[in-house]
Amino acid sequence: MALPSVWSEMRVGILLLSVLGLLGARLVGAGQDSGSVIPAESRPCVDCHAFEFMQRALQDLKKTAYNLDAR
């Protein structure tokens, strides 16, 4: 008697996993825009991005400190 309930739970579990798998595949595919790929040679490295970000953050901090001192 317990066998049909286990079988129905397995079917629901398999259905749920397949739906999640399809949704995950769709999300991964949506993240890749064709035509907007920049060749690796022309992209700045990760360190360059981090350096530029830190430079801008430092400039913002300097402006904020100056504005606070001016008050």
**Request:** Working only within segment 22-71, note down all residues that are modelled with pLDDT under 85 and of a type in the set (Val, Ile, Thr).
**Result:** VAL28, VAL37, ILE38, VAL46
**Asked** Given the structure, is PRO4 modelled with pLDDT under 75, part of a helix (DSSP H, G or I) and out of contact with any strand residue (DSSP E or B) (no Cβ under 8 Å at 6 or more places or on another chain)?
**Response** yes
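The values are calculated or read from the model by the stated rules, or taken from the named source; none is laboratory data. Computed from a predicted structure; not experimentally measured. Glycine gets a Cβ as well: all are built from the backbone with ideal geometry, and neighbour counts include every protein chain shown.
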